[in-house]
Amino acid sequence: MGIGTKCVQDGYRPGNGEPRQIPIIQSTTFKYDTSQDMGKLFDLEAEGYFYTRLQNPTNDYVAAKIASLEGGTAAMLTSSGQAANFYAVFNIASCGDHVVASSTIYGGTYNLFAVTMKKMGVEFTFVSPHATEEELDAAFQPNTKAVFGETIANPALSVLDIEKFADAAHRHGVPLIVDNTFATPVHCRPIEFGADIVTHSTTKYMDGHGAGVGGCIVDSGKFDWTKYPDKFPGLCEPDDSYHGITYAEKFGLAGAYITKATAQLMRDFGSIQSPQNAFLLNLGLESLHVRIKRHAENGLAVAKFLQGHDKVAWVKYCGLEGDDDYELAQKYLPDGSCGVVSFGVKGGRAAAEDFMQKLKVAAIETHVADARTCCLHPASATHRQMNDEELAAAGVSPDLVRYSCGLEDAEDLIADLKQALE
Ligand SMILES: *Cc1c(COP(=O)(O)O)cnc(C)c1O
């Protein structure tokens, strides 16, 4: 089936006389006839649901759809994109371990890695998304457990050379984790280029309507943990909290990673998506293939307009010919990229603030990838505590405007930008 058919149909197939739309199983718990039946679930000896802190059928229908879209073997929904990236890494890297990550990643993920996970004893080395093979090799340590990057970085909009990063990860016996939020599986499927695990902030294009915060982790089932039992004891050695089962043995490569994340991390941290939000997410997924196409068309039209305007200092959009990432975008995103465009307004910080205030269609919001066009001036919002020097170090210039094209008519977005610039 094509990606569009998967968006509409996969994950949930009702039987005779069952509801056509995914049922919202709004229940904290599930009923059993005997304690023995229940006990088997607690020993991971039988499949089934017992408590929604760990698993819920509505979530699993939607996770199965996303697994199908990404070409993975198993997936889980989380309460946010932050929870997804935390689980994805912490499932295989803990105190005393090390991870290599691209430096141009979402600010929230950077904080999670460089500040919070560092406090938990996980160290990160950040490398340029355009690092050479030699530079990548030099970043690895004997205790490195994973490599992390974003297909299209938020808000730097650089494109990750997935094959190069996957090859480096595999040379050093660790998996590549790719946050595919901005590209979506409609425009790029990182597993096809060698990524082992894919994460999403479903809050963005997958939901697409600004309705629910959520995240997802997909496992390709391709990374062979058992080749490196010393590196990945959590998957290759018995888990005492489940009567000594070994995940890689009992659930195979296809299921070990997600089962471990569910059985240990969801059990202990409980960052599960609510079934209500999973239902809303699925409504978004049903039209993802139609919407992302329009977002990317609007993004390209707006980027081209901005490039030709004399009040605009610079434009960053990987779909623009001549962009630093244009070649990578042609390879990894041949059908289009996304709706987010970054640009600078001549006149710096003050001009950017003044310009944004004059926009009538685009709203000022801490959000991207919504049906409604929105924009943000990081220097006066998410990064406002930084001075101009610190902003430069973070790769955010004082004049940078992050503009997220919604699903409106491109002509209206361009007319709005034009009047505000002028
Ligand atoms: C927004 C975002 C996140 C964090 O997701 P939340 O759903 O806000 O927790 C992670 N990665 C990327 C690329 C994002 O854009």
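The values are calculated or read from the model by the stated rules, or taken from the named source; none is laboratory data. As the structure is a computational prediction, the values presented were derived from the model and not from experiment. We place every Cβ from the backbone using ideal geometry, glycine too, and count neighbours over all the protein chains shown. Side chains are part of the model used for accessible areas, which takes the heavy atoms of the whole protein and leaves out ligands, DNA and RNA. Shrake-Rupley method; radii C 1.70, N 1.55, O 1.52, S 1.80 Å.
Brief remarks on what is shown
- Calculated FRET value between PHE42 and TRP314, using beta carbons and R₀ = 56 Å, to 0.05: 0.45
- The long axis of helix 81-90 is offset from the longest Cα principal axis of the chain by roughly 50 degrees.
- Note on segment 267-362: the alpha carbon radius of gyration divided by the globular reference 2.2 N^0.38 Å gives 1.44.
- Probe 1.4 Å, protein heavy atoms only - accessible area per residue of segment 289-421 in square angstrom: 45 Å²
- Efficiency of FRET between LYS331 and GLU134 - r from beta-carbon atoms, R0 30 angstrom, step 0.05: 0.90
- Exposure ranking of ARG267, ARG171 by accessible area [1.4 Å probe, largest first]: ARG171, ARG267
- Cα long-axis angle, helix 275-286 against the chain (0 to 90 degrees, to the nearest 10): 60 degrees
- Whole-percent carbon and sulfur share, accessible surface of segment 171-211, 1.4 Å: 48 percent
- Here the relative contact order of segment 3-282, from alpha carbon pairs under 8 Å that lie six or more residues apart, stands at 23 percent.
- Applying the Karplus relation 6.51 cos²θ - 1.76 cosθ + 1.60 with θ = phi - 60° to segment 101-106 yields 3J(HN,Hα) values of 9, 5, 6, 8, 10, 3 Hz, where x marks Gly and Pro.
- Sorting GLU70, GLU18 by solvent-accessible area of protein heavy atoms yields GLU18, GLU70, largest first, with a 1.4 Å probe.
- The value for the chain of Rg(Cα) / (2.2 N^0.38 Å) is 1.00.
- Subset of LYS119/LYS145; LYS31/LYS250; LYS145/LYS293; LYS40/LYS65; LYS119/LYS164; LYS6/LYS145 violating a 24 Å alpha-carbon distance limit: LYS31/LYS250; LYS145/LYS293; LYS40/LYS65; LYS119/LYS164; LYS6/LYS145
- Value of [θ]222 nm, deg cm²/dmol, for the chain, DSSP H segments ≥ 4, -39500 (n - 2.57) each, nearest 500: -10000 deg cm²/dmol
- Virtual spin-label span in nm between GLN9 and ALA350, 7 Å along Cα→Cβ: 6.0 nm
- Hits among aspartates and glutamates - C-alpha to C-alpha of LYS418 under 15 Å, sequence gap 8 or more where chains match: ASP310, ASP354, ASP409
- Under the combined filter of DSSP loop state and at most 15 neighbouring Cβ atoms within 10 Å, segment 253-338 retains none of its chymotrypsin sites (Phe, Trp or Tyr not before Pro).
- Under the Karplus curve 6.51 cos²θ - 1.76 cosθ + 1.60, θ = phi - 60°, whole-Hz ³J(HN,Hα) for segment 40-50, x wherever Gly or Pro sits: 4, 5, 5, 8, 6, 8, 10, 8, x, 10, 10
- The chain: angle of helix 57-70 to the longest principal axis, Cα-based, in degrees nearest 10: 60 degrees
- Accessible area of segment 3-282 divided out per residue, in Å², using a probe of 1.4 angstrom: 39 Å²
- The mean sequence distance of close C-alpha pairs (under 8 Å, at least 6 residues apart), as a share of the length of segment 242-366, puts its relative contact order at 18 percent.
- Relative contact order for segment 47-95: 23 percent, from Cα pairs under 8 Å spaced at least 6 residues apart, divided by residue count.
- Dipole of segment 31-142, positive end: most advanced residue of SER79, PHE126, PHE113 [Cβ charges, Cα centre]: SER79
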